[in-house]
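What follows is one structure encoded as structure tokens, with my remarks underneath.
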Amino acid sequence: MEQRNFLEQVRGFRNDSLKKVCTKVTVADGQQFIETLEDGGYSVRKQSVISTGYVVDNRADITVSLIMPGLILGSQDVAAELQILDDFNVTHILNIGYAIPNHFESKFVYKNVEILDDPSTDIKMFFDGCFDFIDDGRQEGCVLVHCNAGVSRAPTIVIAYLMNRCKMTLKDAYSLVKSVRSCIRPNDGFMKVLEEYQKELYNSNDNQQ
């Protein structure tokens, strides 16, 4: 009896009996689309939003990743936690996020570099300035490097710093950062920049020998 009722329900199914729903989709470049089931099929409408260059994640992440003495890596949430910053003796904050305020400007030395998490961004042009700032922070206390999520931009800067200042290979620098912050994933464009940077450093070292 139950099987026959189920078969009757299946045979009697009609598309217009489906509940009308709306689905919001956010793609990697920050654009949003609204997909709606209406009479006659689906419709897709693009929302007018300002692209941030990353998928917004509102979950708090106060994980602090110690890279080496005087250098920590984290998300924007760490930069807003004064107690955590004091616990790690932070004196300098390298803010590589997009539209993130400096919460404690009277207490810490800040450097702001607004970089979009976009594969086409030339992140290498900011390397030298960021490296010098990290050096200053490590000499005086500790520097926090953060972007929005601490996944792509900030790890890219830290990996490049290790390659430059500690003479690490890309593989070793990436592995070190990955070992203390497992969520890192520089976008494909940034990884290509790091690969080219390794070649540049290798050639520079050869010329000095």
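The values are calculated or read from the model by the stated rules, or taken from the named source; none is laboratory data. The structure presented is a predicted model; accordingly, all values stated were derived computationally and were not measured. Glycine also receives a Cβ, built like all others from the backbone with ideal geometry; neighbour counts cover every protein chain displayed. Calculation scope for accessible area: heavy atoms of the full protein, side chains included, ligands and nucleic acids excluded. Shrake-Rupley method; radii C 1.70, N 1.55, O 1.52, S 1.80 Å.
In what sequence, largest accessible area first, do 135, 86, 188 appear using a 1.4 Å probe?
Values: 135 40, 86 70, 188 100 Å².
Greatest to least solvent exposure: 188, 86, 135.
For the range 132-209, with all protein chains present and a 1.4 Å probe, just round the carbon and sulfur fraction of the accessible area to a whole percent. Provide the component values of the computation, followed by the final result.
Working: 1750 of 3840 Å².
Here it works out to 45 percent.
Of the DSSP beta bridges with both residues in the range 65-191, give the percent that are antiparallel, rounding to the nearest 5.
Details: 3 of 16 bridges.
Here the share of antiparallel DSSP bridges comes out near 20 percent.
With a ≥ b ≥ c taken as the square roots of the eigenvalues of the C-alpha gyration tensor of the range 67-196, please select rounded if a/c is under 1.5 and otherwise prolate if a/b is larger than b/c or oblate if it is not? It would help to have the intermediate numbers written out before the result.
Numbers: a/c = 1.64, a/b = 1.37, b/c = 1.20.
Taking the square roots of the gyration eigenvalues as a ≥ b ≥ c, the range 67-196 is prolate.
With r as the distance between the Cβ atoms of residue 185 and residue 102 and R0 = 25 Å, compute the FRET efficiency 1/(1 + (r/R0)^6) and round to 0.05. Working shown, then result.
Numbers: r = 26 Å, r/R0 = 1.03.
Computed FRET efficiency for residue 102 and residue 185 comes out at 0.45.
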